1. Surrounded by fewer than 24 Cβ atoms within 10 Å (Cβ to Cβ), over 20 Å from Ala5 (Cα atoms) and touching a Leu at 6+ places or on another chain (Cβ under 6 Å), is that true of Glu112?
2. Taking interchain pairs and intrachain pairs at least six residues apart, which have beta carbon atoms under 7 angstrom, with the first residue in segment 111-132 and within 26 Å of Asp98 (Cβ to Cβ) and touching a residue at least 24 places away in the same chain (Cβ under 8 Å) and the second part of a loop (DSSP other than H, G, I, E, B) and hydrophobic (A, V, I, L, M, F, W, C)?
3. Report, by residue number, each residue of segment 1-26 that is within 16 Å of the ligand (Cβ to nearest atom) and under 16 Å from Arg38 (Cβ atoms).
4. Return the residues of segment 117-169 that are more than 20 Å from Ala87 (Cβ to Cβ), over 15 Å from the mean Cα position of the chain (by Cα) and among the small types (Gly, Ala, Ser); say none if nothing qualifies.
5. With the condition being free of Cβ contacts under 8 Å to residues at least 40 places away in the same chain and not polar (S, T, N, Q), I'd like the helices (runs of 4 or more DSSP H) fully within segment 1-88 carrying at least 1 qualifying residues.
6. Quickly run through segment 135-194 and pick out the residues that are touching a residue at least 24 places away in the same chain (Cβ under 8 Å) and on the phi > 0 side of the Ramachandran plot.
7. Looking for whichever is buried (at least 22 other Cβ atoms within 10 Å of the Cβ) and of a type in the set (Ser, Thr, Tyr) here; the options are Ser31, Ser60. Which one fits?
Amino acid sequence: MSLNAGVIAVQGDVSEHADAIRRAGTAHGESVAVTEIRQSGIVPDCDLLCMPGGESTAISRLLQSEGIAPEIQAHVEAGKPVLATCAGLIVAATDADDERVDNLGLLDVTVERNAFGRQKDSFEAPLDVTGLDEPYPAVFIRAPLISDVGSATVLAEWDGRPVAVQDGPVVGTSFHPELTPDSRIHGLAFFADE
Ligand code: GLN
């Protein structure tokens, strides 16, 4: 059976996530068809969803104006998996303390935009992630700080701060798991054994 994966493609890193989902599917013996989502009506047919990084204010505005936002909320209410990364995590969170971001409340965390500094402060760090045997090389670019973890579970920390969290079917990362050849975070979010 082939799984339908959707990558929210209104703005941000789209093709890198599509590739990572295919690689993770192959690693877990799953065949996956990936669709880029720019309009409503596609999310309801998706088994799993990825919300990429980019610019959270733009992503948020377009998800609302295109009518995709309530479809993503219904996907999570149905218990289907979502991986939300960087700006995707900001939009998926309960609160980002920024009125330009219409938070979807998919996972119970509060985030602070750009708390790890500017573009020039981007860095890569090896992370110990719950569920992965070896450290994961995480790339941080204008990453959000997860300032309050509510009922979510912390999967990884950097410098004592949570940078990967899980709340039910939703995994959120401050970093960009699509920017390295290592697709284990996508595997964890979408194909981990029950
Ligand atoms: N700083 C961006 C924002 O607040 C997120 C950066 C990213 O996704 N790399 O939307």
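Where a number appears in this text, it was derived from the coordinates with a stated rule and is not lab data. Nothing here was measured: the structure is a model prediction, and the numbers come from that model. With ideal geometry, Cβ positions are generated from the backbone for all residues, glycine too; neighbour counts draw on all protein chains shown.
1. Details: surrounded by fewer than 24 Cβ atoms within 10 Å (Cβ to Cβ): yes; over 20 Å from Ala5 (Cα atoms): yes; touching a Leu at 6+ places or on another chain (Cβ under 6 Å): yes.
Spelling it out, Glu112 is indeed surrounded by fewer than 24 Cβ atoms within 10 Å (Cβ to Cβ), over 20 Å from Ala5 (Cα atoms) and touching a Leu at 6+ places or on another chain (Cβ under 6 Å).
2. Here the result reads Val111/Ala93; Val111/Ala96; Arg113/Ala96; Phe116/Ala143, each pair linking segment 111-132 to a residue that is part of a loop (DSSP other than H, G, I, E, B) and hydrophobic (A, V, I, L, M, F, W, C).
3. Once the filter is applied, which keeps residues that are within 16 Å of the ligand (Cβ to nearest atom) and under 16 Å from Arg38 (Cβ atoms), segment 1-26 yields Val7, Ile8, Ala9, Val10, Gln11, Gly12, Asp13, Val14, Ser15, His17.
4. Scanning segment 117-169 gives Gly131, Ser151, Gly160.
5. Working: elements: 15-27, 56-65, 69-77.
Once the helices (runs of 4 or more DSSP H) in segment 1-88 are filtered for at least 1 residues that are free of Cβ contacts under 8 Å to residues at least 40 places away in the same chain and not polar (S, T, N, Q), what remains is 15-27, 69-77.
6. Answer for segment 135-194, where residues must be touching a residue at least 24 places away in the same chain (Cβ under 8 Å) and on the phi > 0 side of the Ramachandran plot: Arg142, Gly150, Gly168.
7. Working: Ser31 fails: buried (at least 22 other Cβ atoms within 10 Å of the Cβ).
Unique residue meeting the criteria: Ser60.
Yes or no, residue by residue, for (1) crowded, with 17+ Cβ neighbours inside 10 Å; (2) among the β-branched types (Val, Ile, Thr):
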site: Ala125; (1), (2): no, no
site: Phe140; (1), (2): yes, no
site: Ala143; (1), (2): yes, no
site: Gly150; (1), (2): no, no
site: Pro162; (1), (2): yes, no
site: Val170; (1), (2): yes, yes
